[in-house]
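In what follows, a single structure is set out as structure tokens and then discussed.
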Amino acid sequence: MIRLFVTVDDVTAVMAADYTLIRVYTDTSETGAFTTLDGTITLVAATESYEYTDADGVAATWYKTAYYGATPGLGTKSDALKGSTSVAYATVNELRNQIDKTGKTNDVELAALLDAASEAINNYCNRPDGFRSDSTASARTYAGSGDTVQYIDECTSITTVAVKTSATATSYTDWESDDYIEFAGSPNRPDFQPTAKGKPYTALMIEPGGDYSHFTSGQYTALRGFRPEFNRTRGVPTVEVTAKWGYAATVPPPIKQACITQASRWYKRGQSAWADAVGSPELGQMFYRKQLDPDVKHLLDDGRYVVPTI
């Protein structure tokens, strides 16, 4: 999904010229013809900033925009530009509603605050893959455990599991779906349906009736030096898992609220010229800013969303 922001320099003059829409064209190249109409944006009086979401857009998608009206027709297309991948856990509309903001002239700034708040939440919770899983599956490699259990990154679904026959093998062998079982938690008391509770898979175990007895060990030992005197052991990739990485298919409600709360407070402080500290005339106190507000940290800590740092 790609998010494109369009700014109208003088929306009053544009609408006075009988333009009513902004047409959005896409192409796969910056120098393309841009004849594919992806969608439109309706012009609104006194609104200079607009957000357009391309659900099918990818990082390689290019965009051009042009004003359109029934009477003047199609205006001149803009220069080619790219949108940005949205990582925010809440929408601009959701943030605007909570801060009682009706105008849309600062939508670009609000979107940037939401992105920043989402990234700060990921960092605080030690979850680099975030709380929304990828829309498409991708492959990751791991040093095999050599045991019946293989721990992996958080994911919401697994497409394929492939394992090398040895640490020195050059290719992976795809396993059948009945050769392994995905689960979360302890292998002694596993949760086989974590996604039904909005939580991710975190490990794989060998299916007792499958064709394999263990995940090939990724530990590899070799002699070191011109006249080898001792061994050097290292982990090499022997297990490849293709999955949708991330915490949940949909953002948990506390995470969405934490994102909105943090972004809204940053926005309000921004109205004070992004001061590093605010004084209290009554008490003479100085309140210094932190990465995340205490209320936001409480939401994350009490919800047990923080992964302990080891």
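The values are calculated or read from the model by the stated rules, or taken from the named source; none is laboratory data. All values reported here derive from a predicted model rather than from experimental measurement. As a convention, Cβ positions derive from the backbone with ideal geometry for all residues, glycine included, and neighbour counts pool all protein chains shown.
Taking the stated definitions as given, is residue 173 out of contact with any helix residue (DSSP H, G or I) (no Cβ under 7 Å at 6 or more places or on another chain), over 23 Å from residue 291 (Cβ atoms), in the same structural domain as residue 195 (by TED's automatic domain parsing) and of a type in the set (Val, Ile, Thr)?
It is true that residue 173 is out of contact with any helix residue (DSSP H, G or I) (no Cβ under 7 Å at 6 or more places or on another chain), over 23 Å from residue 291 (Cβ atoms), in the same structural domain as residue 195 (by TED's automatic domain parsing) and of a type in the set (Val, Ile, Thr).
Got a number for residues in segment 130-154 being of a type in the set (Val, Ile, Thr), assigned to a loop (DSSP other than H, G, I, E, B) and over 26 Å from residue 305 (Cβ atoms)?
Of the residues in segment 130-154, 1 are of a type in the set (Val, Ile, Thr), assigned to a loop (DSSP other than H, G, I, E, B) and over 26 Å from residue 305 (Cβ atoms).
For segment 201-211, how many residues are out of contact with any strand residue (DSSP E or B) (no Cβ under 6 Å at 6 or more places or on another chain) and buried (at least 16 other Cβ atoms within 10 Å of the Cβ)?
Of the residues in segment 201-211, 1 are out of contact with any strand residue (DSSP E or B) (no Cβ under 6 Å at 6 or more places or on another chain) and buried (at least 16 other Cβ atoms within 10 Å of the Cβ).
Tally time: how many residues in segment 156-185 are loosely packed, with under 15 Cβ neighbours inside 10 Å, in contact (Cβ under 8 Å) with a residue 12 or more places away in the chain and in a strand (DSSP E or B)?
3
Might you let me know whether segment 221-231 holds any residue that is over 24 Å from residue 134 (Cα atoms), assigned to a strand (DSSP E or B), modelled with pLDDT of 80 or more and in the same structural domain as residue 155 (by TED's automatic domain parsing)?
Yes, some residue in segment 221-231 is over 24 Å from residue 134 (Cα atoms), assigned to a strand (DSSP E or B), modelled with pLDDT of 80 or more and in the same structural domain as residue 155 (by TED's automatic domain parsing).
Search segment 293-310 for residues that are within 15 Å of residue 122 (Cβ to Cβ) and pair each with any residue that is among the charged types (D, E, K, R) when their beta-carbon atoms are under 8 Å apart and the residues are at least 6 apart or on different chains.
305/127; 307/127
Search segment 51-66 for residues that are in the same structural domain as residue 33 (by TED's automatic domain parsing) and under 11 Å from residue 32 (Cβ atoms) and pair each with any residue that is among the β-branched types (Val, Ile, Thr) and assigned to a strand (DSSP E or B) when their beta-carbon atoms are under 7 Å apart and the residues are at least 6 apart or on different chains.
Partner pairs satisfying both residue conditions: 61/2; 61/26; 62/26; 63/24; 63/26.
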